[in-house]
1. Among the listed residues B:140, B:135, B:158, which satisfies the condition of being in a helix (DSSP H, G or I), of a type in the set (Gly, Ala, Ser) and more than 30 Å from residue B:386 (Cβ to Cβ)?
2. Residues of segment B:285-305 being of a type in the set (S, T, N, Q) and at the interface with chain A (Cβ under 10 Å from one of its Cβ atoms), which ones?
3. Condition (residue is at positive phi and open to solvent by 10 Å² or more (accessible area, probe 1.4 Å)) applied to segment B:216-225: is it met by at least one residue?
4. Would you pick out the residues in segment B:388-415 that are under 18 Å from the mean Cα position of the chain (by Cα) and open to solvent by less than 70 Å² (accessible area, probe 1.4 Å)?
5. Just the residues that are of a type in the set (A, V, I, L, M, F, W, C) and either over 26 Å from residue B:31 (Cβ atoms) or surrounded by fewer than 24 Cβ atoms within 10 Å (Cβ to Cβ) (or both), please, taken from segment B:1-18.
6. What is the residue count in segment A:19-44 for residues that are crowded, with 24+ Cβ neighbours inside 10 Å and among the aliphatic types (A, V, I, L, M)?
7. Going through segment A:292-314 one residue at a time, which ones are open to solvent by less than 20 Å² (accessible area, probe 1.4 Å) and closer than 15 Å to residue A:17 by Cβ?
8. Being open to solvent by 70 Å² or more (accessible area, probe 1.4 Å) and free of Cβ contacts under 8 Å to residues at least 12 places away in the same chain is the filter here, so list the residues in segment A:173-195 that pass it.
There are 2 protein chains.
Amino acid sequence: MGKVYEATVTAPVNIAVIKYWGKRDSALILPTNSSLSVTLSQDHLSTRTTIRASPDFTIDRLWLNGVEEDINASKRLVNSITTSRKLREALEEKQKQDGIPAESVVPLSQWKIHVCSENNFPTAAGLASSASGYAALVSALGTLYELPQTTSELSRVARVGSGSACRSMFGGFVAWQAGMADDGHDSLAVQVADRQHWPELQALILVASDKKKAISSTAGMQTTVETSSLFAERVRTVVPQRMEAMKAAIAKRDFEAFAEITMRDSNQFHAVCLDTYPPISYMNDTSRAVAGLVHAFNSARGRTAAAYTYDAGPNAVIYALKSDMRDLVELFTYCFPREDNILPDAFYPDPFGIFDSPEQAGHRLTDPVVSKLASTVGKYSAGSVRRIIHTEVGDGPRVLPVSQSLLNDVGMPKRARE
Amino acid sequence: MGKVYEATVTAPVNIAVIKYWGKRDSALILPTNSSLSVTLSQDHLSTRTTIRASPDFTIDRLWLNGVEEDINASKRLVNSITTSRKLREALEEKQKQDGIPAESVVPLSQWKIHVCSENNFPTAAGLASSASGYAALVSALGTLYELPQTTSELSRVARVGSGSACRSMFGGFVAWQAGMADDGHDSLAVQVADRQHWPELQALILVASDKKKAISSTAGMQTTVETSSLFAERVRTVVPQRMEAMKAAIAKRDFEAFAEITMRDSNQFHAVCLDTYPPISYMNDTSRAVAGLVHAFNSARGRTAAAYTYDAGPNAVIYALKSDMRDLVELFTYCFPREDNILPDAFYPDPFGIFDSPEQAGHRLTDPVVSKLASTVGKYSAGSVRRIIHTEVGDGPRVLPVSQSLLNDVGMPKRARE
């Protein structure tokens, strides 16, 4: 058996603190405004992808979480793969021009590929996996094809797959520069600060149960661009100011400024959704209860100690410093009790050891002020928050050893489901 | 017993289709933008107020729904009464100047008053009664004092009591002109069209149950003025355009235009509330479900056949033409079932005879398309809508005969509660 040409990588999820909403070019996925996000730890949330290229493969194939999908069904997926192949093809051409003997130039760009991808978090968690998914795809192709492009340059390839995926190409704090060019060459991700810059920053994801089917963000954001009479003002004046203020807050590790801008921008994103016709609403009563509790917690603390942000769904992401996390976790697990049939450790896995035992979650309130707040607020109906994920700022895509491959020796998934 | 100086009036509720939100002067209640409302029928929603002035009264007294309140507790109430007394005083002065013998000039401005006020709708309905209440107060004082001012001029007095009350001084379709002057003399209500102009227009009020305490609109709107970065754009460009478009739609009885502007403006009002910091949200999941159902109904109809609007609370007000009301009532009573312990006629009194019997409410779906929509949507949890009030466009304040007085011969409430 000849040499195996394969790459396995993992890529992280990112949560925007300055929101991306609205495209100026839907085909190239060029945004109406810049955005900024925090990359979350891959220990808790990540997509792993193995891609192998082989002259023995007759067609491109794709498996997502063990189930084969039609790789040509998604135009965006085809775009990302085709763009990567073109970059590889250019590299092979250059190698030949540089006098490398043709037989030593591996024609990977001409070979079919098998793509196998898995998330380490349940789809039930209701977390958008397209960002980590496309970042993993492009990182794996970049590694497999030995592309010379920088990560920022490769982030353009991830962008054409799924806009916010470009931000998952870096760890830490990442800006997606909207850019000006029609061809989108300047619409890419840049790292604002790496994960080591602010190690105290942590995040909680409160997964809210929701009956109603969410509106697709792809369709929703264009309706906003076309119908909201307030959206242009957000793009023209508000976001540019917030991008600068947010970068400054991160540079200074000024949590209060970071938190207030984060909450204001999340609220404004949902405000322009509501100003859309017909209106779009992603937050539900649970989302609003969580936001209200965060403001109440901040009042009780006498400072902005926590920030919420919501994407195109009811789940809340809470940012806070490590030193405030114990009280926040105690408050949320108390006020949003788990359903009886969910084991405590499934409801809140407690990776940072907040509780001595899983059973304490929802029962212990250490800080007297927080305890007073909790009893004032009371408990919301059990199960309105289905799961709480506690994580921190993380690094960018990782290349894994061949032992971590998702494909077996003949290039088929090791774990396949029918 | 000498002549009794007394007036009894009723005044209507009004529901804005272009929303009032934000003051440029809190003391005089001068708004940041003009607004426009529809006056609803007093047969279903009104405040009745009797005011008597007598030299025998030692202090001003006030009874609301049978319970005595401190008449000096509310600065706004004192303002309205004081302003009215000054107008009466000026009238008395003029009468003297005109040579009317002093003994024939009744010094009503110097006498204390008894004010007795009752709403014909349960407070439980959660409907703001300040508009009808202050309009009734000022109308009664204007009648009692025989003030020569026009209704528009008197609407300024109602305005200093409660901003939107100025719009309840007229029937039909009413604009509150924001005005420019610092003293507020040009910030008053004018009638755009009377109730006879568009007799086909009707309204449904869906009273939604709500756990959480609402934010006071007085406090809330100023926080929006101070913190929303989108609010200025609404005031500067959006509302002025919508005021003109709405007046044109009413003049032409163009329901589809009327309905779309109404929904867009309600959504934008709640959008700027959400863009406020900390955010304000008045709509809950039931409110959003009702709005979604209205858009679904319009899609099923293939035209904009109904419009929703929401004020500072979760209740929905639905505007539609009489010809679409049967299907709307059948749809809402089906999708938002009453709680078992509420009698059908209390849930939906059916003043226009939609159903042959109260028991049909929630069970009959005549139109096949609406029936299909209803079964697709299904039923929301019982009691999420507590009551449905069906009404129509109504007239302005009415002066009632002495037989309708709320005060007995000694000037005390006929119906008093302890």
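1. B:140
2. Within segment B:285-305, the first condition is being of a type in the set (S, T, N, Q), and the residues that meet it are B:286-287, B:298-299, B:304.
Residues satisfying the conditions are B:286, B:287, B:298, B:299.
3. no
4. Passing the criteria: B:388, B:389, B:390, B:391, B:392, B:393, B:394, B:395, B:396, B:397.
5. Going through segment B:1-18, the residues of a type in the set (A, V, I, L, M, F, W, C) turn out to be B:1, B:4, B:7, B:9, B:11, B:13, B:15-18.
Passing the criteria: B:1, B:4, B:7, B:16.
6. Selection size over segment A:19-44: 4.
7. Listed by number, the residues that qualify are A:294, A:306, A:307, A:308, A:309, A:310.
8. Answer for segment A:173-195, where residues must be open to solvent by 70 Å² or more (accessible area, probe 1.4 Å) and free of Cβ contacts under 8 Å to residues at least 12 places away in the same chain: just A:180.
The values are calculated or read from the model by the stated rules, or taken from the named source; none is laboratory data. Because the structure is a prediction, the values reported are computed rather than measured. Heads up, the Cβs are rebuilt from the backbone with ideal geometry, glycines too, and the neighbour counts pull from every protein chain shown. Surface accessibility is based on the protein's heavy atoms, side chains included, excluding ligands, DNA and RNA. Shrake-Rupley method; radii C 1.70, N 1.55, O 1.52, S 1.80 Å.
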